[in-house]
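The values are calculated or read from the model by the stated rules, or taken from the named source; none is laboratory data. On a predicted model such as this, the values are computed, not experimentally measured, just so you know. We place every Cβ from the backbone using ideal geometry, glycine too, and count neighbours over all the protein chains shown. Keep in mind that these areas ignore ligands, DNA and RNA; they rest on the heavy atoms of the full protein, side chains included. Shrake-Rupley method; radii C 1.70, N 1.55, O 1.52, S 1.80 Å.
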Amino acid sequence: MSVYFNRGILRKQSKYVLKKINLNIQRGNIFGIIGPSGAGKTTLLNVLTNQISYEGNVYIDGNDTTDKGTDLFKELSLCSVNSGLYEELTVMDNLLLYANAFGKGKKEVSELLLTTNLQDCEQKIFSKLSTGMRQRVSLIRCFLNDASVLLLDEPTSNVDPYTGSIIRDIIVKIKEKGKTIILTTHNMLEAEQLCDQLVLLNEGVVLEQGSPSLIKKKYSQQPLFITCTMEDGSPIELEYPKEKIQLSNLIKNQIILNIHSNEPTLESIFVNLARGKMS
Ligand SMILES: Nc1ncnc2c1ncn2[C@@H]1O[C@H](COP(=O)(O)OP(=O)(O)OP(=O)(O)O)[C@@H](O)[C@H]1O
């Protein structure tokens with residue numbers, strides 16, 4: 001799926017929040033949008049799902065979305081926490097309202113509650129749930145949707161690491177059902193482990209785009225230094241590829257406690273790109 005803005009499309013005072021954007025999103029993939037606070041990540045999701053008005057033209061798969069006659073938006077569903085869920089209804093009633101709209105019923109909702117460890121929350125009032133539970137209910141709402149592209153705005157923010165891992169598992173399950181996921185996150189480890197493709201957004205422009213491993217490879221410096229910690233605790237540093245034979249001999253003949261390379265983390269690439277220190 002391609003997303004293209006040919007010029008600034010949303011203005012905040014005299015500056016554009018989103019400028020020229022060109023994204024190439026593989027179907028069936030998890031596509032992560034990362035970037036500092038205020039970069040325009042949420043706004044991008046809102047524009048793509050027609051939640052806010054904007055100037056200029058947005059093209060999805062080459063089709064101009066200002067043509068309201070198209071079915072483009074039906075394919076895309078925004079899932080932000082709590083959106084479309086009623087505070088005073090039970091979890092089951094909330095989800096049934098949504099499920100029924102898509103020809104689904106109690107059976108499907110109960111199955112999803114079980115998958116997400118929320119089976120005991122069926123009759124709980126939505127306003128009484130913890131943040132992590134609310135996030136999971138919001139995701140179940142996405143599961144019930146027929147849209148093929150789900151846009152998740154910071155699905156794991158404000159939850160403990162365990163709940164975060166449950167939510168990531170749910171996202172992977174959604175992907176396995178053939179859906180395309182576009183998500184925003186501030187968690188670089190999550191971006192690296194979960195996303196097939198990433199885009200780094202800063203001040204409304206795309207700074208970098210590609211798979212996490214390709215982005216890391218692009219910014220890894222040569223030579224690469226590899227530190228091996230030997231059995232007695234002493235470190236040996238070798239330069240790669242210059243000393244690759246020594247490295248392979250060391251691995252073959254010695255007991256090594258750990259090997260550590262100084263390749264950049266996604267976090268360091270992110271910070272440096274956002275500061276304008278890399279090109
Ligand atoms: N409808 C709008 N009209 C004008 N400006 C807007 C609109 N919506 C958001 N903005 C502005 O766009 C900028 C980017 O906001 P956005 O919420 O997209 O950032 P973000 O990257 O999602 O940040 P965070 O990581 O903190 O959630 C902000 O300065 C915000 O005030």
| query | Considering only residues of region 33-57 that are near the ligand (Cβ under 8 Å from one of its atoms), more than 28 Å from residue 213 (Cα to Cα) and hydroxyl-bearing (Ser, Thr, Tyr), which is surrounded by the fewest Cβ atoms within 10 Å (Cβ to Cβ)? | reply | 53
| field | Condition met for residue 80 (closer than 28 Å to residue 192 by Cβ and either within 16 Å of the ligand (Cβ to nearest atom) or not assigned by TED's automatic domain parsing to the domain that holds residue 154 (or both)) | value | yes
| Got at least one residue in region 245-255 being open to solvent by less than 30 Å² (accessible area, probe 1.4 Å), modelled with pLDDT under 90 and not small (Gly, Ala, Ser)? | yes
| query | Can you tell me which residue in region 1-15 is nearest to the ligand (Cβ to nearest atom), limited to those that are at pLDDT 85 or above and open to solvent by 30 Å² or more (accessible area, probe 1.4 Å)? | reply | 4
| field | Residue match in region 207-226 (condition: open to solvent by 50 Å² or more (accessible area, probe 1.4 Å), among the acidic types (Asp, Glu) and more than 11 Å from the chain's Cα centre (by Cα)) | value | no
| query | All but one of (1) open to solvent by 20 Å² or more (accessible area, probe 1.4 Å); (2) over 21 Å from the mean Cα position of the chain (by Cα) hold for residue 113; which doesn't? | reply | (1)
| query | Could you say which residue among 146, 169 is open to solvent by 30 Å² or more (accessible area, probe 1.4 Å), in contact with a Phe, Trp or Tyr (Cβ under 8 Å, 6 or more places away or on another chain) and not polar (S, T, N, Q)? | reply | 146
| request: Quickly run through region 239-271 and pick out the residues that are assigned to a helix (DSSP H, G or I) and touching a residue at least 24 places away in the same chain (Cβ under 8 Å). | output: 266, 267, 269, 270
| So, in region 16-32, of the ones that are out of contact with any Ser or Thr (no Cβ under 7 Å at 6 or more places or on another chain) and either in a loop (DSSP other than H, G, I, E, B) or of a type in the set (S, T, N, Q) (or both), which residue ends up farthest from the ligand (Cβ to nearest atom)? | 26
| query | Only one of (1) outside any strand (DSSP E or B); (2) open to solvent by 50 Å² or more (accessible area, probe 1.4 Å); (3) touching a residue at least 24 places away in the same chain (Cβ under 8 Å); (4) more than 16 Å from the ligand (Cβ to nearest atom) fails for residue 158. Which number is that? | reply | (4)
| said: Can you pull out every residue in region 89-135 that is outside any loop (DSSP other than H, G, I, E, B), farther than 23 Å from residue 78 by Cβ and without any contact (Cβ under 8 Å) to a residue 12 or more places away in the chain? | reply: 107, 111, 114, 119, 120, 128
| Matching entry among 30, 125, 60, 21 (being modelled with pLDDT of 95 or more, under 30 Å from residue 215 (Cα atoms) and surrounded by 14 or more Cβ atoms within 10 Å (Cβ to Cβ)) | 30
| message | As an exercise: evaluate residue 203 against (1) open to solvent by less than 50 Å² (accessible area, probe 1.4 Å); (2) more than 14 Å from the chain's Cα centre (by Cα); (3) under 26 Å from residue 19 (Cβ atoms) and give the number of the one condition it does not meet. | response | (1)
| field | Those residues of region 172-200 which are hydrophobic (A, V, I, L, M, F, W, C), open to solvent by less than 60 Å² (accessible area, probe 1.4 Å) and part of a helix (DSSP H, G or I), in sequence order | value | 172, 174, 188, 191, 194
| query | Is it fair to say residue 172 is hydrophobic (A, V, I, L, M, F, W, C), over 15 Å from the mean Cα position of the chain (by Cα), under 30 Å from residue 140 (Cβ atoms) and assigned by TED's automatic domain parsing to the domain that holds residue 42? | reply | no
| remark: Note: among 182, 215, just one is in contact with a strand residue (DSSP E or B) (Cβ under 9 Å, 6 or more places away or on another chain) and not assigned by TED's automatic domain parsing to the domain that holds residue 144, namely 215
